[in-house]
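No value in this document is a laboratory result; all are computed from the given coordinates. All values reported here derive from a predicted model rather than from experimental measurement. Cβ sites come from the backbone with ideal geometry, for glycine too, and all protein chains shown count toward neighbours.
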Amino acid sequence: MDYINKNKIAGRNYKPLIWGLTLGINGLIICTIFFPNKGQFKQYDFSYLPLLNAVLNGAAFVLLSFALLAIRQKNIKRHRNFIFLAFSCTSLFLLSYLLYHFTTPSTQYGGGGMLKYMYFFILITHVMLAIIIVPLALISMGRGLNKEVVLHKQIARWAMPLWLYVSLTGVIVYLMISPYYVSR
């Protein structure tokens, strides 16, 4: 038996979990757009959550950068630990994002001119790539956990830069729209 086949037999099958999480996460995010009566939560002040989201995105970006550095130094254990920390920040971000967007009306970008076009370009690419990064990051992590090194590297070449981009642009989107948040 060659290494890959033996490894597949010994590894866990993460596919159902990966696709379940992908559909669930992206489905919940889509639901935030159509959730009615967001104003009914006025008694709760969630105005701090966008800043928390930006901090969590920024932390994920830094941790992913350290993970990339660790793997370039061939330190697999440190790489794995940084990836798990980045994944934890991203998971906390997701919970905070969902709480905010299920309870709070959307904020409109109030800038104009070239900044408005830059904002929407960054926002649209951020959202589209965030949808894509969910399965890519999960598949990459599953392959890494199963020690499917060749397969892990193949997808991580795409997942890592996209995850870095999504994390960084999450911070940029916050910085660009934060002047337009209304105190509730």
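Remarks
- Label-to-label distance for F121 and W158 is 2.4 nm, based on points extended 7 Å past Cα in the beta-carbon direction.
- Distance between region 74-97 and region 121-140 - C-alpha centres, whole angstrom: 16
- Divide the volume of the convex hull around the Cα atoms of the chain by the residue count and you get 119 Å³ per residue.
- Förster-model FRET efficiency, 25 Å R0, L129 and V62, C-beta, rounded to 0.05: 0.85
- Burial ranking of peptide ranges 107-115, 86-94 (average Cβ count within 10 Å, highest at the top): 86-94, 107-115
- Under-24-angstrom lysine pairs by C-alpha in region 47-180, whenever the two are 8 or more apart or on separate chains: 4
- Exposure proxy order (Cβ contacts within 10 Å, fewest to most) of L99, L175: L175, L99
- Distance between the modelled labels on L145 and L69, one decimal in nanometres: 2.7 nm (7 Å Cα→Cβ projection).
- Cβ-derived FRET efficiency at R0 22 Å, L92 paired with L23, nearest 0.05: 0.60
- The stretch between I30 and Q108, if pulled fully straight at 0.36 nm per residue, gains 26.3 nm over its current Cα-Cα span.
- Distance distribution note for region 90-136: the fraction of Cα pairs above 12 angstrom is 73%.
- Note: relative contact order over region 47-180, using C-alpha pairs below 8 Å and six or more positions apart, is 35 percent.
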